[in-house]
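The values are calculated or read from the model by the stated rules, or taken from the named source; none is laboratory data. Small disclaimer: the values here were computed from a predicted structure and weren't measured. Counting neighbours? That spans all protein chains shown, and the Cβs are built from the backbone with ideal geometry, glycine included. The accessibility values were calculated without ligands, DNA or RNA, using every heavy atom of the protein model including side chains. Shrake-Rupley method; radii C 1.70, N 1.55, O 1.52, S 1.80 Å.
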Amino acid sequence: MAGFLKGLFTKKSNEEAAETNTSVQGMPHREVTELSKLAEKYYRMGKEYQLKGDLERARLYLDRASTIYSSFEQVYDECEMFMYDCDEQVGMLEEEELLYNEILEEVMEKAEEITNRQSYIWGILSFARLQAVFRKLSACRDCEILCEMERALDVLCHGMEQTMKEEELEYLQDFVSRFYDFCDSETFVKEENQIVLENGSVLQVFDLNGNSAATCLQIFLDKCACILEGGFQMADYGEPAELDFIPGTLMVDYYLRTREEDPHEVSQIQAEVSRIWSDYEFVKGDPDIQSVVERAENYRKLDILDI
């Protein structure tokens, strides 16, 4: 978190000074309270949907509440009243037959049938399809880092083709570190960080959470940097790829917030599910790198929210 001055050399009243006291993480108390209230709001929304039997949207809001209080120490301290129940409910929902759970389970099963190299290619292709979403959200306040996703993809594609240059590796490592900080910041979770799309619906930065999809993407990119440091031809001998973020390309959270139907019936989600399995068949065929890069370039131009 950004540091926050306590106004030691000002003439603020005691009441004003209390308002700007900082937490251990450097966050003003006012912001801690706002995030605590937001976490509680999401928790109550999740419980309401749970009572209605709408487990997809219950998962959405309970998971958002958990993300907020788990990310900020002071917020965590203020949410003790409901966080234990929230964690329990989130754990139970992970066992339900929800769309994300279904796709994740199948992704993990199919990943066992391909090589580590092929798994990394599968992940890079999925990352490429999120580029249009990142471009849209980069217009939100303090979200400029999302503009750099294009460059990160360029580095990954170049690293697959030939030995990565030292400056490229350093950039990728630095980017991953900054992206981690972004995903762990109040900027990521604030409701006002949103844009209105051409169809009139609202896309939030927090929609990237999708069962912690952004965090899983950060881990995937971090592992990519490690793999590419030793040369992509050695990928089969490196750490297993982190593919938990792939179901995040469905953007389920966005559709659950902006539409009323079952997410299984949303045409854009259905199309993206087809692309996930099409990619799997593609990588299973052990394509050459030029074909992979061409496929990634085509995906870069695709707007998965407007199909």
Review point. How many percent of the accessible area of the stretch 26-162 is carbon or sulfur, using a 1.4 Å probe?
Key: 45
Review point. Listed highest first by mean packing, meaning other Cβ atoms within 10 Å per residue, what order do 278-288, 148-158 come in?
Key: 148-158, 278-288
Review point. Going by Cβ distance under 4.7 Å, what cysteines of the chain have no possible disulfide partner?
Key: 79, 86, 147, 157, 183, 216, 224, 226
Review point. How far apart, in nm, are the 7 Å Cα→Cβ label points at residue 161 and residue 226?
Key: 2.7
Exercise for review: Measure up 223/301; 165/190; 52/190; 223/284 against 32 Å on the Cα-Cα distance and list the ones that go over.
Suggested key: 165/190
Exercise for review: Assuming a ≥ b ≥ c are the square roots of the Cα gyration tensor eigenvalues, decide whether the stretch 157-307 counts as rounded (a/c under 1.5), prolate (otherwise, with a/b larger than b/c) or oblate.
Suggested key: oblate
Review point. If each of residue 37 and residue 301 carries a label point 7 Å out from its Cα toward its Cβ, how far apart are those two points in nm?
Key: 4.7
Check your understanding: Working out 0.36 nm times the residue gap between residue 259 and residue 294, then minus their Cα-Cα distance, what length gain in nm do you get to one decimal?
Key -> 9.3 nm
Check your understanding: What's the extension gain from residue 73 to residue 147 if we count 0.36 nm per residue and subtract their Cα-Cα distance?
Key -> 23.8 nm
Check your understanding: In debye to the nearest 20, how big a dipole does the stretch 128-212 give about its Cα centre with +1 on each Lys and Arg Cβ and -1 on each Asp and Glu Cβ?
Key -> 340
Exercise for review: Using just the helices of the chain, give the 222 nm mean residue ellipticity in deg cm²/dmol: DSSP H runs with n ≥ 4 each add -39,500 (n - 2.57), and the total is spread over all residues, rounded to 500.
Suggested key: -19500 deg cm²/dmol
Check your understanding: In nanometres, what is the gap between the two model label sites at residue 88 and residue 270, each 7 Å from Cα along Cα-to-Cβ?
Key -> 3.9
Check your understanding: How much area per residue is accessible in the stretch 102-147 when the probe is 1.4 Å and only protein heavy atoms are counted (Å²)?
Key -> 39
Check your understanding: Hey, can you rank 102-109, 208-215 by average C-beta count inside 10 Å, highest first?
Key -> 208-215, 102-109
